[in-house]
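First comes the structure, then the notes that go with it.
Nothing in this text is a laboratory measurement; each read-out follows from the coordinates by a stated rule. Because the structure is a prediction, the values reported are computed rather than measured. Note: ideal-geometry Cβ built from the backbone for every residue, glycine included; neighbour counts use all protein chains shown.
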Ligand SMILES: Cc1ncc(COP(=O)(O)O)c(C=O)c1O
């Protein structure tokens, strides 16, 4: 099978899985129990927190374990909104955020009376920093901008946003780094909250992480016990927390080498796609090497996807979280591309596990599929 949907999720790293299974067998104890077994689980959990903090160059009390990236996004955005609403009720985000940010902002508007500015993007999926500058108001409390877009791969100008926000010290800055972790170098300086997800880096599903700067306070979404500094009540899913440190360590191992390899593969993939008539590449400008969005003009993307699936090749039409809606993806709509381009978009996402032969097979089969659809017309 040729798997080219790494932005949706990634296969488990075998070492991670092995360690996790061993942990599960040994450590079913509650990490908050005060007998020695519970204390031991808690020690391992806190050790993992410390290691994660070290790898991300932050303090360990700034690492909050969550169940996924979506939860981390909800926790940060709602937590900041509720905590700082007395200062103002205005939030700035972008029009192409992942649904876990976008729908959270919609809920804050519709249910809780916040006002949200959705920054537009250009046809390559990048915001313009002047739009951000113009949108900041006296009652703005939060700017939430994703680092790498999951559908088109655009990298937003995070460092420039940090610079703008230096003049607005009361405005919190949250970054959805789910597609960025392990793919590009991450610098959390100047950021108040950042979201991560384990299953995008060959880790476990049901495992995520929120970075929350000490100077930022959140209203908790899950009230309950003392777990996660009182921010997330409920018995700790300790073994997933413990194995997350190993997951990240392995993801960051040989970083430069992996980055170079994926970048080379990306160039090869784009070059090959460009040889196919009717194909337009939508991923342009400052982008991730891991995601290539392209349109086969005049073809239904679902038909191509399933025809490739029959040949044992897996790609996607858009974000897996909104793949079941039939209309054009919200992200593609926001790029203001011609209708036939937006309607026919497909996403290929690669990783350091992808082989050049897999790209060759994909290109060969894509040509075959397009030819066969053309003949049937
Ligand atoms: C950019 C982005 N943010 C957030 C998420 C949500 O992460 P999770 O699947 O861990 O909830 C995803 C998942 O696809 C994503 O791509």
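Numbers at a glance
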{"quantity": "Inter-label distance, nm, simple model (7 Å from Cα along the C-beta direction), residue 40/residue 106", "calculated": "4.8 nm"}
{"quantity": "Extension gain from residue 134 to residue 162, taking 0.36 nm per residue of separation minus the Cα-Cα distance", "calculated": "8.6 nm"}
{"quantity": "For 291, 281, 270, 96, order by how many other beta-carbon atoms lie within 10 Å, fewest first", "calculated": "281, 270, 291, 96"}
{"quantity": "Fewest-first sequence of 249, 232, 347 by Cβ atoms within 10 Å of each Cβ", "calculated": "249, 232, 347"}
{"quantity": "Computed label-point distance, nm, for sites residue 340 and residue 376 using a 7 Å Cα→Cβ extension", "calculated": "2.0 nm"}
{"quantity": "Cα radius of gyration and Dmax for region 9-130 (Å)", "calculated": "19.6, 58"}
{"quantity": "Computed over region 14-252: relative contact order in percent, which uses C-alpha pairs under 8 Å that are six or more apart", "calculated": "27 percent"}
{"quantity": "For q = 0.11, 0.14 Å⁻¹, Debye-computed log10 I/I(0) when each Cα of the chain counts as one equal scatterer", "calculated": "-0.79, -1.20"}
{"quantity": "Label-to-label distance, nm, for residues given as residue 33 and residue 14 (7 Å Cα→Cβ offset)", "calculated": "3.4 nm"}
{"quantity": "DSSP beta bridge pairing in the chain, given as percent antiparallel to the nearest 5", "calculated": "55 percent"}
{"quantity": "Förster radius 30 Å - calculated FRET efficiency between residue 1 and residue 368 (Cβ-Cβ, nearest 0.05)", "calculated": "0.95"}
{"quantity": "Cα pair distances in region 228-377, grouped into 10 Å bins until the bin that holds the longest one, percent each", "calculated": "9, 33, 29, 18, 9, 2, 0"}
{"quantity": "Least to most buried among 35, 20 (fewest other Cβ within 10 Å first)", "calculated": "35, 20"}
